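These notes are about the structure you will find just below.
Computed from the coordinates by the stated procedures, all read-outs in this text should not be read as laboratory data. From a predicted model like this one, the values you see are computed outputs, not experimental measurements. Note that we place each Cβ from the backbone using ideal geometry, even for glycine, and neighbour counts take in every protein chain shown.
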Amino acid sequence: MTAIAVAGAMVALNMSSAAALDRRVRINNNTDYDIVQFYASNKGTDSWEEDILGEDILPAGNSVLINIDDGSGYCKFDFLAVFEDDDQLVTRDNNVCELTDFNFNP
C-alpha cells in the first residue's frame, strides 16, 4: 500500500470514528424546578432548533437520557434549559462525544 493510500485510509477511519461516537447524554435536573424545555444546538448553527422534550418535562430531581446526535457530526453543543419559573440557563461548548452526564445544579 502506498503512503497516500495509507493516509487516505487513516483519514477515512478517523472520520467514521467521529461519526460513530456516542452522543447520548443523561441530563440530570438536580434543581428544585422542573425543566419544561430543553434545547441542544450544535456549534455550527445560530438557532436553538426544536425543544427536545416536546410535550414532556424533566421534573426536579429526575434524569433523562437524550441522544444529542443531530446527524451533523458535531461534538460541541450549546444547551438551553427553560425552567417552570421561566428562568433560563445556557451552557456552551458541551462535548457530547465525551459527556455521559450533564448536571443542572441549584
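Numbers at a glance
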quantity: Label point at Asn30 placed 7 Å out along Cα→Cβ; residues across region 65-106 whose backbone nitrogen lies under 13 Å; calculated: 101-106
quantity: Directionally averaged projected area (convex hull, Cα atoms, region 21-82), nm²; calculated: 4.1 nm²
quantity: Rounded FRET efficiency, nearest 0.05, which uses the C-beta distance separating Glu55 from Asp78 and R0 of 25 Å; calculated: 0.65
